[in-house]
Amino acid sequence: MSVSTSVSTAASAPSVCAPLPVLGRDVTVPLVTGGEVTYAALDYAASAPALQRVWDDVAAYAPYYGSVHRGAGYLSQLSTDLFENARATVAGFLDCRADDQVIFTRSTTDSLNLLAAVVPADCQVFVFETEHHASLLPWKNARVSYLDAPDTPAQAVATLRRALGERDPQAPALVCVTGASNVTGELWPVRELAAAAHEHGARIVLDAAQLAPHHPVSVRDLDVDWVAFSGHKLYAPFGAGVLAGRADWLRAAEPYLAGGGASRTVTRRADGGVAVEWHETAARHEAGSPNVIGAYAVASACKALTEAGFDTLVARERHLIDTVRAGLAEVPEVRVLSLFGDDAPRVGVLSFVVEGWNSSHFAAALSAEYGIGVRDGLFCAHPLVRTLLGTDPQSQGECGAPEAAPGEKSLNAVRVSFGAGTPDEHVERFVTAVRELVRDGAKWQYRTVDGRCVPAS
């Protein structure tokens, strides 16, 4: 079975544009070996640095900040317009359908928990074990079927078709799938999975936390029912996220949070209680004072990425990915983790293990000796990483000693991730650092403190 990837990928090409300006690009950090170096932020998959454009937009608006939706004053009216215009901007960024709702949340995790709270009571949810915990864990009110990790995109589609074919066709069903893995960076066949879901009468929600910062996401083209993403991965600070998609389940359910803003009218009943009429718009699930600045920051980031042009951004990122992969391939002790194989298209997220090294030790040395920030561990995707590593959930590593001897299984992994704000020098420094650490070892002594590997004083 032939399955195309769900988003376009650019061929390997030289870097043809400068990185987008981000906050912190000139910050220097001390090295344990002496001196300072410009910090190389290579942990974009956790939180990307804010675009300078976003920060400037927020700073320009800040003096005009006011309460929204019911304020009579000029600043309240201005802030209300800005908040609702941000909603429209996000809808355009996602290419939403005319009747879709855009709800502002705190994050992807919050968005998926909101959706989990509104699914019909007898809903069956299908989730691959390869998902981030934000997708794995919220479905406590539904019947959940966890699907085994696939070896190929085609196998993912076949696995889903088989599982959907065995479900109760009379019950509602929902598929939850990532667009790009937060562990391997690999792109998932979202369009084909959506088609399989709809053929079997199921709906699908796309976790675009790792996809939206790197590729255009079209609700119409991918034919997904909902999409969720986080502002802090999209170069926007201030803790806002988005859930966008079909309105019917959202309108039919009780509000995610009860309170002001979600209610249209509240009246006392004769029995002493209260009767509530809830909004049917996005406000139904946005109780309380909204994060106006966060929503505006998300909209600003959407505009900035659109204006920069995803074709250009994807081409440049492809160059960075190729630089990292080529450099790691030259170090035999390094094994890059992958579900779909080395040639699978991916975003700027790669995880790897180093033979004979504790992953926490390796990440600590990258930071302390080279000024490079990466992440180590299981990346809130424990089943996936353990599947890729073949490890026992009870295993533990200790800083300063090899996590796994040569030939044995590693217990955790190191993740490097980058994006639109990453200079070439940062990934080149990373590749050099990996090569030197493997060849020469760490220059400093390290110890474990509260479960983390840190330089010994």
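Some values worked out for this structure:
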| quantity | calculated |
| --- | --- |
| Student exercise, region 53-307 dipole from Lys, Arg, Asp, Glu Cβ charges, in Debye to nearest 20 | 560 debye |
| DSSP-loop GluC sites (Glu not before Pro) across region 273-310, with at most 16 other Cβ within 10 angstrom | GLU280 |
| Distant-in-sequence amide H partners of ARG375 (H built 1.01 Å from N, under 5 Å) | ARG415 |
| Leading residue at positive end of dipole, the chain (Cβ point charges), from VAL125, TRP444, ALA381 | VAL125 |
| Rounded Å value of the spacing that divides the Cα centres of region 144-204 and region 70-102 | 32 Å |
| Length-normalised contact order of region 221-284 in % [C-alpha pairs under 8 Å, at least 6 apart] | 22 percent |
| Rounded if a/c under 1.5, otherwise prolate or oblate - region 253-335, Cα gyration tensor axes | prolate |
| Region 53-307, relative contact order in percent, only Cα pairs under 8 angstrom and at least six apart counted | 24 percent |
| Contour minus Cα-Cα distance for ASP248 and GLU330 (0.36 nm per residue) | 24.3 nm |
| Cβ charges +1 (Lys, Arg) and -1 (Asp, Glu), total dipole of the chain, debye | 780 debye |
| Angle in degrees between helix 310-329 and the longest Cα principal axis of the chain, rounded to the nearest 10 | 30 degrees |
| For region 447-453, 3J(HN,Hα) per residue [Karplus equation, 6.51 cos²θ - 1.76 cosθ + 1.60, θ = phi - 60°, Hz, x = Gly/Pro] | 9, 9, 10, 6, x, 10, 8 |
| Computed lengthening from GLU166 to ASP450, 0.36 nm per intervening residue step minus Cα-Cα distance | 97.6 nm |
| For the chain: relative contact order, % (alpha-carbon pairs under 8 angstrom, 6 or more apart) | 22 percent |
| Nearest-ten-degree value, helix 359-370 long axis tilted from longest Cα axis of the chain | 80 degrees |
| Angle in degrees between helix 424-440 and the longest Cα principal axis of the chain, rounded to the nearest 10 | 50 degrees |
| Dipole-positive endmost among ALA197, LEU82, PRO63 within region 53-307 (Cβ charges, Cα centre) | PRO63 |
| Net dipole in debye of region 39-97 [+1 Lys, Arg Cβ; -1 Asp, Glu Cβ; about Cα centre; nearest 20] | 180 debye |
| ALA59/GLU36 FRET efficiency (R0 45 Å; Cβ-Cβ; nearest 0.05) | 0.95 |
| Sites matching trypsin sites (Lys or Arg not before Pro) across region 264-364 that sit in DSSP coil, with at most 10 neighbouring C-beta atoms within 10 Å | ARG269 |
| Computed helical MRE - 222 nm, the chain, DSSP H runs ≥ 4 contributing -39500 (n - 2.57), nearest 500 | -10000 deg cm²/dmol |
| Shape of region 53-307, Cα gyration tensor, a/c cut at 1.5 | oblate |
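Values in this text are rule-based calculations from the coordinates and carry no lab data. Since we're looking at a predicted model, the values are computed, not measured. Cβ: placed from backbone, ideal geometry, glycine included. Neighbour counts: every protein chain shown.
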